[in-house]
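What follows is a single structure, written as structure tokens, with notes after it.
The values are calculated or read from the model by the stated rules, or taken from the named source; none is laboratory data. From a predicted model like this one, the values you see are computed outputs, not experimental measurements. Counting neighbours? That spans all protein chains shown, and the Cβs are built from the backbone with ideal geometry, glycine included. Keep in mind that these areas ignore ligands, DNA and RNA; they rest on the heavy atoms of the full protein, side chains included. Shrake-Rupley method; radii C 1.70, N 1.55, O 1.52, S 1.80 Å.
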Amino acid sequence: MDKLRNLYQTVIMDHYRNPYNKGLKGYPKVHLKNPACGDDITIEAKVNNGVIETINHNGTGCSICCASASMLCLLMEGKTVEFARKEINKFYNLVQGKDGDYESLGDANSLSGVASFPARIRCATISWKALEMVLEGDLDEEREI
Ligand code: ZN
């Protein structure tokens, strides 16, 4: 168990230090803030024919929130909107500690530990919530969660 925890910690820190698709390019976006932790994340996505062709993130926050945004971009790039909706819901279940098959979430599995820290769940889910809103076309300047 300790080995697994260490591995997860490594995956989280890798994404935190070398984030995937960080930097916005001007696509439809949602900007969310989590005042409880100071997380401030924007997710943008270019969707074409039901496929997420491009997805980027930007912002500041704790290692969990920044790593999670990076994992989200890595997972969703090139995938269908249908896939994204399914995986977003799976991720919400994962971080709430619910049983399930989460293999398809890839690196995001490393965030399962936040289930033991309810105050950190929002850190992990903020970017996923933002993508959910982008896919719904629920765009806005800035919101708190
Ligand atoms: Zn946070």
Which number in (1) part of a helix (DSSP H, G or I); (2) open to solvent by 20 Å² or more (accessible area, probe 1.4 Å); (3) touching a residue at least 12 places away in the same chain (Cβ under 8 Å) marks the one condition that I88 misses? (2)
Restricting to region 104-145, count the residues that are assigned to a helix (DSSP H, G or I) and either within 11 Å of the ligand (Cβ to nearest atom) or in contact (Cβ under 8 Å) with a residue 60 or more places away in the chain (or both). 23
Those residues of region 109-129 which are in contact with an Asp or Glu (Cβ under 8 Å, 6 or more places away or on another chain) and either surrounded by fewer than 19 Cβ atoms within 10 Å (Cβ to Cβ) or aliphatic (A, V, I, L, M) (or both) amount to N109, I126
Here the residues within region 8-24 that are crowded, with 18+ Cβ neighbours inside 10 Å and touching a strand residue (DSSP E or B) at 6+ places or on another chain (Cβ under 6 Å) are N21
Within region 38-52, identify whether any single residue is assigned to a helix (DSSP H, G or I) and of a type outside the set (S, T, Y), and answer yes or no. no
Selection count, region 53-72, where residues are part of a strand (DSSP E or B), open to solvent by 10 Å² or more (accessible area, probe 1.4 Å) and either away from the ligand (no atom under 14 Å from the Cβ) or closer than 13 Å to N18 by Cβ (or both): 3
